[in-house]
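Shown next, in structure tokens, is the structure this report addresses.
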Amino acid sequence: MKAPDEAEFTEFATSAIRRLRRTAYLMCGDWHRAEDAAQDALVKVYRRWHRIDRTQGLNGYAHKCLVTAVLDQSRRPWRRERLVDADDPTPLPDPGGTIDDRLLVVRALAGLPPSQRACVVLRHYADLSIEQTADILGISTGGVKSQTSRALTRLRELIDHPERSAT
């Protein structure tokens, strides 16, 4: 890669890594997997840097790579192993209850099928349009709308009754 392209990619990667990592975390619920997925996505972006339309498609392509990385990780049997019991987190000081609310949302997201979770995260967290989400996931805009609607209905149920998310 040429020096100007290298500098441009480095600038993009520096600004995008945190956003990609948070998006991946909301999709998979594990910070280590999210870090791996974000790095995998940036590697794919790097490999195609000279071919990507940087005026319109850069963030979309990075999110597409990220979704693919998260879904690929979830299909690997060794990734399903759990080293830490996620149901018994270490209590943290949280006078405002903010951490509890975040954990409730992350657990509720984990209760969704991967396609619905991806639609909700890309639409409402990454703030992508229906069309961008459809392109990233490789489904129709109607598919994005129906998946998002079902996901939001299920999230409301899980958040209103958190004890159901354990089933």
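The values are calculated or read from the model by the stated rules, or taken from the named source; none is laboratory data. On a predicted model such as this, the values are computed, not experimentally measured, just so you know. Please note: Cβ atoms are built from the backbone with ideal geometry, for glycine as well, and neighbour counts cover all protein chains shown. We work out accessible area using only protein heavy atoms, side chains counted, and drop any ligands, DNA or RNA first. Shrake-Rupley method; radii C 1.70, N 1.55, O 1.52, S 1.80 Å.
Summary of computed values
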| item | result |
| --- | --- |
| Check on residue 47, within 20 Å of residue 106 (Cβ to Cβ) and of a type in the set (Lys, Arg) | no |
| Single residue of the range 134-156 satisfying the filter (closer than 23 Å to residue 75 by Cα and in contact with a His (Cβ under 9 Å, 6 or more places away or on another chain)) that is surrounded by the fewest Cβ atoms within 10 Å (Cβ to Cβ) | 148 |
| Members of the range 1-45 found to be assigned to a loop (DSSP other than H, G, I, E, B) and either closer than 13 Å to residue 67 by Cβ or not basic (Lys, Arg) (or both), listed by number | 1, 29, 30 |
| Contacts under 8 angstrom Cβ, first residue in the range 150-167 being closer than 21 Å to residue 118 by Cα and in a helix (DSSP H, G or I), partner of a type in the set (S, T, N, Q) and at pLDDT 85 or above, 6 or more apart | 150/116; 151/116; 154/116 |
| Residue 16, sole failed condition from (1) crowded, with 19+ Cβ neighbours inside 10 Å; (2) under 24 Å from residue 116 (Cβ atoms) | (2) |
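Here is a yes/no grid of residues against (1) modelled with pLDDT of 90 or more; (2) open to solvent by less than 70 Å² (accessible area, probe 1.4 Å); (3) not in a helix (DSSP H, G or I):
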{"site": "95", "(1), (2), (3)": "no, no, yes"}
{"site": "99", "(1), (2), (3)": "no, yes, no"}
{"site": "103", "(1), (2), (3)": "no, yes, no"}
{"site": "106", "(1), (2), (3)": "no, yes, no"}
{"site": "109", "(1), (2), (3)": "yes, yes, no"}
{"site": "121", "(1), (2), (3)": "yes, yes, no"}
{"site": "124", "(1), (2), (3)": "yes, no, no"}
{"site": "132", "(1), (2), (3)": "yes, no, no"}
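Residues checked against (1) under 19 Å from the mean Cα position of the chain (by Cα); (2) of a type outside the set (S, T, N, Q); (3) at pLDDT 95 or above:
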| position | (1), (2), (3) |
| --- | --- |
| 23 | yes, no, no |
| 27 | yes, yes, no |
| 30 | yes, yes, no |
| 47 | no, yes, no |
| 53 | no, yes, no |
| 72 | yes, yes, no |
| 77 | no, yes, no |
